[in-house]
Amino acid sequence: MKIVLVAAVALIDADGRVLISQRPMDKQLGGLWEFPGGKVEPGERPEVALIRELKEELGIDVAESCLAPLTFASHAYETFHLLMPLYVCRRWKGQVTGAEGQAIAWVKPLKLRDYPMPPADVPLIPHLIDLL
């Protein structure tokens, strides 16, 4: 089974809320809410992939020194196995916007379960609750 490496981040604002974004309806798992991030390209480090994805998806600039590893997800989907490190970031430059037209929401960790998420994202929630 193919292993897909995806890096994700929990952006945390001054009020202790976590950013999630909604997957486009025309993509796999469309309509579900997830932590921002994306696929790590061959030869690319997860931190570099995150910096690139956050610029593309949310229009913000993140320094690698502001990305702190928190935990990871390992989940078997039907056609591939997802390995997803989750980082925490509390500092960035720019205004967070859904640069690709996606809906975004700032959510208190205890309320994250109110949003339907992909199966790989759900086990990450308790780590964020413990963190905050």
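FYI, it's all coordinate maths here, none of it is from the lab. None of the values given here were measured: they were computed from a predicted structure. Cβ sites come from the backbone with ideal geometry, for glycine too, and all protein chains shown count toward neighbours.
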note = Ordered by number, the trypsin sites (Lys or Arg not before Pro) in the stretch 1-45 that occupy a DSSP loop and have at most 15 other Cβ atoms within 10 Å are Lys2, Lys27
query = Distance in nm between label sites at Ala105 and Ala68, each 7 Å beyond Cα in the beta-carbon direction?
reply = 2.6
query = Sorting Ser21, Ser65, Ser74 on the 10 Å Cβ count, fewest up front, what's the list?
reply = Ser65, Ser74, Ser21
ask   = Using r as the Cβ-Cβ distance of Asp26 and His75, and R0 as 25 Å, what FRET efficiency do you calculate, to the nearest 0.05?
value = 0.70
key: Helical contribution to [θ] at 222 nm, DSSP H n ≥ 4, -39,500 (n - 2.57), averaged over the chain, rounded to 500   = -4500 deg cm²/dmol
message = Loop only by DSSP, 12 or fewer other Cβ within 10 Å of the Cβ. Give me the chymotrypsin sites (Phe, Trp or Tyr not before Pro) in the stretch 51-132 that pass, ordered by residue number.
response = Phe80
remark   = Pseudo-spin-label distance Arg91 to Val122, built 7 Å along Cα→Cβ, given in nm, is 3.6
request  = Binning at 10 Å from 0, report for the stretch 3-131 what percent of all alpha-carbon pair distances ends up in each bin.
outcome  = 13, 49, 36, 3
Subset of Lys39/Lys111; Lys2/Lys39; Lys2/Lys27 violating a 22 Å alpha-carbon distance limit = Lys39/Lys111
query = For the chain, modelled as a Gaussian network with Cα springs under 10 Å, which listed residue fluctuates most, Met25, Met117, Met84?
reply = Met25
Alpha-carbon centroid distance for the pair the stretch 24-78 / the stretch 94-132, whole angstrom = 12
request  = Please go through the stretch 70-132 and write out the trypsin sites (Lys or Arg not before Pro) that DSSP classes as loop and that have at most 13 other C-beta atoms within 10 Å.
outcome  = Arg90, Arg91
